[in-house]
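The values are calculated or read from the model by the stated rules, or taken from the named source; none is laboratory data. Keep in mind the model is a prediction, meaning the values are calculated, not measured. Every residue, glycine as well, gets a Cβ built from its backbone with ideal geometry; the counts of neighbours run over all protein chains shown.
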Amino acid sequence: MSHYFDFNAGCRMRPEVVDRLSELLREDYGNPSSMHSPGRRARALLEEARDSTAALFGVAPDEIIFTSGGTESNNTAMRGTMALDPALRLLVSSSEHASTTAVADYLQEHGRQVRRFTIDAAGQLDLELIGRASREARSLLALSLANGDTGHLLELDKLCALLAPDTSFHLDLAQAVGRIDLRLPAAVTTAAASCHKYGGPLGCGVLIKRGPELEPLMAGGGQERGVRAGTENIAAIAGAGLAARLAQAELGEEALRLKGLTSLLWSLIDDLPSIRRLSPEDGLPGTLTVALGDVPADVMIAGLDLEGFAVSSGSACEAGSPEPPATAIALGLETPWLNGVIRMSMGWENSRDDVLELAHSFNAVAARARMAA
């Protein structure tokens with residue numbers, strides 16, 4: 001695939017990470033829990049990656065837990081928090097990633113109280129309503145900082161000021177890493193991220209644990225501060241640590257660059273008939289989601305794929321679903337707009353030339369589809 005515009009689903013590993021991973025797989029094989037020199041070397045690599053990852057998220061190294069990905073991190077934080085407090089109820093948005101909404105479904109099926117909030121036509125949650133709900137009973141609030149379907153951003157500081165002091169707050173950071181500042185307010189007790197979203201390896205995730213203890217998902221050894229049993233994947237974690245250092249070094253400049261590319265792309269397709277922009281102008285840099293009222297998304301995605309462009313209609317974890325993205329439904333879109341939602345998301349390897357070529361092909365594919373209809 002010569003032009004990749006699906007960074008919200010995942011991205012290619014950074015070349016530096018690929019080189020580092022190859023070296024580690026050849027030379028580093030020790031178990032970080034062992035006392036001999038290969039084990040001590042593995043432990044040093046693990047803690048070096050923990051330091052780099054903590055710096056990217058602006059937290060202490062001992063608050064970083066490595067997992068297999070964002071889904072495990074979300075599950076561990078949410079189920080682990082609820083398991084230790086039978087009186088706790090869950091507050092969640094209905095527009096979250098499947099790894100959050102599925103946990104909410106699981107908890108509700110097992111008798112736990114779950115209250116769901118919906119976004120309005122502007123893509124925003126009613127923060128005052130959430131704040132009042134948090135004061136009605138002890139709660140775990142689970143939300144994402146950036147919506148992966150459209151790029152809407154949570155007004156985090158405003159929300160934190162409204163929450164009851166005893167609220168546990170889990171924040172999904174998967175889409176935000178490497179794109180916006182990640183200084184977490186004190187009200188955030190746990191957070192999750194996927195390393196493959198910022199140039200690291202697949203199968204490696206981050207759980208930030210700042211609050212009370214969590215009930216582990218798995219029984220086993222005492223690895224990762226007793227939260228995540230199992231021998232750590234040292235090569236993947238070390239690669240993720242390097243990706244974190246690269247993301248932190250480029251953060252401010254990269255956010256501006258991606259914002260510029262997003263604006264450029266929209267300016268080149270916004271005069272198409274029957275097109276709506278769903279992503280806010282001040283949303284997640286690098287994310288542009290649109291809806292076409294006269295061309296189905298699957299036709300556009302297939303047509304662009306044939307021309308060498310990878311785009312999507314929403315979360316890769318829900319790609320097999322016949323239903324439109326939940327966020328688009330919550331925004332109030334109706335048929336045929338719901339069937340024409342297309343997400344184009346950019347990252348470190350996209351250039352201005354890529355955007356110009358995508359816009360040209362986007363317009364051409366849409367025109368051909370209308371002629372064939």
Would you be able to say whether some residue in the stretch 244-251 is modelled with pLDDT of 95 or more and touching a strand residue (DSSP E or B) at 6+ places or on another chain (Cβ under 9 Å)? yes
For the stretch 134-156, state whether one or more residues are small (Gly, Ala, Ser), farther than 27 Å from residue 66 by Cα and either at pLDDT 95 or above or not in a helix (DSSP H, G or I) (or both). yes
Quick one: residue 120 ticks every box in (1) at pLDDT below 95; (2) among the charged types (D, E, K, R); (3) outside any loop (DSSP other than H, G, I, E, B) bar one, so which box is it? (3)
Would you mind stating whether residue 148 is buried (at least 20 other Cβ atoms within 10 Å of the Cβ) and touching a residue at least 24 places away in the same chain (Cβ under 8 Å)? yes
Within the stretch 24-67, take every residue that is acidic (Asp, Glu) and within 28 Å of the chain's Cα centre (by Cα) and give me the one that is nearest to residue 239 (Cα to Cα). 48
Please go through the stretch 346-370 and pick out each residue that is surrounded by 21 or more Cβ atoms within 10 Å (Cβ to Cβ) and out of contact with any Gly (no Cβ under 7 Å at 6 or more places or on another chain). 350, 355, 358, 362, 366
If we only count helices (runs of 4 or more DSSP H) wholly inside the stretch 1-95, which ones have 2 or more residues that are surrounded by 20 or more Cβ atoms within 10 Å (Cβ to Cβ) and among the small types (Gly, Ala, Ser)? 37-57, 70-83
Take the residues in the stretch 254-275 that are of a type in the set (Ser, Thr, Tyr) and either more than 22 Å from the chain's Cα centre (by Cα) or part of a loop (DSSP other than H, G, I, E, B) (or both), then tell me which one is farthest from residue 348 (Cα to Cα). 274
Scan 257, 343, 277 and give me the residue that is free of Cβ contacts under 8 Å to residues at least 40 places away in the same chain, touching a strand residue (DSSP E or B) at 6+ places or on another chain (Cβ under 7 Å) and not assigned by TED's automatic domain parsing to the domain that holds residue 49. 277
For the stretch 48-64, indicate whether the set of residues that are at pLDDT 95 or above and closer than 30 Å to residue 356 by Cα is non-empty. no
Filtering the stretch 91-116 down to residues that are under 19 Å from residue 173 (Cβ atoms) and not charged (D, E, K, R) yields 91, 92, 93, 95, 97, 98, 99, 100, 101, 102, 103, 104
